[in-house]
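Right, one structure below, let's go through it.
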Ligand code: 4AD
Ligand code: MG
C-alpha cells in the first residue's frame, strides 16, 4: 500500500501539464495528452501532443528505439523523457522521449478531425461530443473558464455573496408565457384524466433567478446567482439558445440607474481585461480563426475596455432611428420593442462602443421594473457590437402599492405573495441585472454564432446527447 503510494507520489512529481513545459528540465518529465499530428522520418518521428492545458502542443521527438507504428491523430498517450531546448521557431522546448505508452487507440479513418487542417466552424459544430479535441473549441473553453473566474472575482471583491437560486420554479419572472414544464415521465404518460402534478402545482425550468435573488438581496445586501436558464425560443437565431447560463447580481446598492449602469460597466471592463490578460493566446487564436485573420474582435475589445460606455434613453434611441435614412423591416415607433436591426443601427451610430439604452416604456418591461412616473420604467439594456443585447437589468419596484397594482394589471396577482412580502416587510430600494454568459463569450471572442461558445447547444429541434 505504502510503496504504491510512493510510486504514484514520485510519478506526480515528474508529471507536467504541457502549459508548464516552458523551459528545459534537468530531470525526467512525464506528459499525457492526445496526438494532434505525427510526422515520420526514417529514424525519427515528430509527434505533436496536446493535453488541453494550453493552446500550444508539445513537440515530442521519438527516436528509432521507440515504437511509433500504432500512433496516429487522436491517440491518447503518456510520454516520458527530457525537455530540451528547441531550435524550431515558435517553440521553447521539445520532449526527447524515452518511453511512449498508448493509453487509448484512435481509428484515424473514423476520427472526424484531420491533422493540420482548418476545419470550418460549421463542421466543428457537427461534432459537439468531440469538439473539445480541436484547438478552436479548447481555446473557447479556456476563455470561458477565465471569464467565469473573472466574473466571480469581480463580484466577490465588490462584496457580493454567491447564492444558488432554484432551477425548478413556479414563477415566470420575465412574463415569457411559455416555459418548459417539468413532470416525471410517468406523469406525462398517464391518461389526461388521471394527470396531476408531481409538485402539486405546475413547475417549470427557470427563465431567470431574479425574483429569488431579490428576496435574498433583501436580507444579505448584495448577492449574485450564476446558473443555467431556460427559454423556449421558437426561432433559430445566432444569439439565442434554449439553455444558457446567466449571471444575475442583485443589490441594495444598485438603487438608481446611475449606480446600476456604472456597476455593469465596471464589471464588464474588469472581466474583459482579466480574460485578455489570463487567456490572451486563446482569445487571439479564436478571433483569428473565426475571422480568418482579420482580427476584428480585438479592435472592439480595446474600446470596450478603454472607452466610456454611452448612455441614451429609449426615447432618444427611437428619435435616432426615426431620423435615420435607414430602411427598417420594423418601423421604429415609441412604444415598440427594439428589434435586432434597431439595436445594430444604434450600436453603429454610437461608433461601435457599448451603449446603455435606459428608461423603456413601462408597458414593454415586466412588472418588477421601477415605475419612473412618466410612462417609462427604470430598465436598461446594454447593447454591444456583433451581439446586440448583452445585459438586461432594472432598478426594481420596491413600493408595495405600485408593485401590487402592476401585477394585478398584468393578471399575475396569484402565487406571488412570497415576492410581495419583500415589499411588505422592510423592502430596500435595489436593482440588478442579467448577463447572458454565452453572449458575453461571443462578444469577447468575436464569434458570430452563439452555438460556437457552448459545448452542447440546445435549441429548437436539437438537443444532442
Ligand atoms: O433580458 P433578460 O431576459 O433579463 C432577465 O431575465 C432579467 N430577469 C435579468 C435580471 O435582471 N436579473 O435576459 C438577460 C440576458 C440578456 O441580456 C441576454 O444576454 C441573455 O440574458 N439572454 C439569452 N442568451 C442566450 N439565449 C437566450 N435565449 C437568451 N435570452 C436572454
Ligand atoms: Mg432583455
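Centroid-to-centroid, using Cα positions, segment 141-202 and segment 224-238 are 10 Å apart.
Counting other Cβ atoms within 10 Å as a rough exposure proxy, the listed residues 34, 418 run 418, 34 from fewest neighbours to most. Considering only beta bridges that DSSP places wholly inside the chain, some 90 percent are antiparallel. Seen against the Cα atoms of the chain and their longest principal axis, helix 257-278 is set at about 0 degrees. Cβ-Cβ distance of residue 19 and residue 401, R₀ of 41 Å, FRET efficiency by 1/(1 + (r/R0)^6): the value works out to about 0.10. In terms of its C-alpha gyration tensor, segment 107-250 comes out oblate, because a/c is 1.5 or above while a/b does not outweigh b/c.
Per-residue ellipticity at 222 nm from helix content only, as computed over the chain with -39500 (n - 2.57) for each DSSP H run of at least four residues, stands at -9500 deg cm²/dmol. One way to sum up the overall shape of segment 374-439 is the equivalent ellipsoid from its Cα gyration tensor, whose semi-axes run 27, 13, 12 Å, largest first. Given axes a ≥ b ≥ c from the Cα gyration tensor, I'd like to know whether segment 124-208 is rounded (a/c under 1.5), prolate (a/b larger than b/c) or oblate. Oblate, since a/c reaches 1.5 and b/c is not below a/b.
Over all pairs of different C-alpha atoms in the chain, the reciprocal of the mean inverse distance, the Kirkwood hydrodynamic radius, equals 25.2 Å. Can you tell me the 0 to 90 degree angle between the C-alpha axis of helix 296-306 and the longest principal axis of the chain, rounded to 10? Long axis of 296-306 versus the principal axis of the chain: about 60 degrees.
With Cα atoms as the point set, the radius of gyration and Dmax of segment 45-141 evaluate to 14.3, 42 Å. How large is log10 of I(q)/I(0) for segment 282-413 at q = 0.15, 0.18, 0.22 Å⁻¹ when the intensity is taken from the Debye formula with one equal scatterer per alpha-carbon? Log10 I(q)/I(0), no solvent term: -0.79, -0.99, -1.23.
Compared with the direct C-alpha span, the chain from residue 130 to residue 463 gains 118.3 nm at full extension, assuming 0.36 nm per residue.
For segment 226-324, the ratio of Cα radius of gyration to the globular rule of thumb 2.2 N^0.38 Å stands at 1.36.
The residues 39, 133, when put in order of fewest to most other Cβ atoms within 10 Å, stand as 39, 133.
The alpha carbon centroids of segment 272-291 and segment 64-94 are separated by 27 Å. Footprinting exposure proxy ranking of 396, 78, fewest other C-beta atoms within 10 angstrom first, gives 78, 396. The angle between the Cα long axis of helix 135-157 and the main principal axis of the chain comes to about 50°, on a 0 to 90 degree scale. Derived from the Cα gyration tensor, the three semi-axes of the equivalent ellipsoid of segment 401-465 are 38, 17, 11 Å, largest first.
Any read-out appearing in this document is the output of simple, stated calculations on the displayed coordinates, not a laboratory observation. If you're wondering where the values come from, they're calculated on a predicted model, not measured in any experiment. Glycine also receives a Cβ, built like all others from the backbone with ideal geometry; neighbour counts cover every protein chain displayed.
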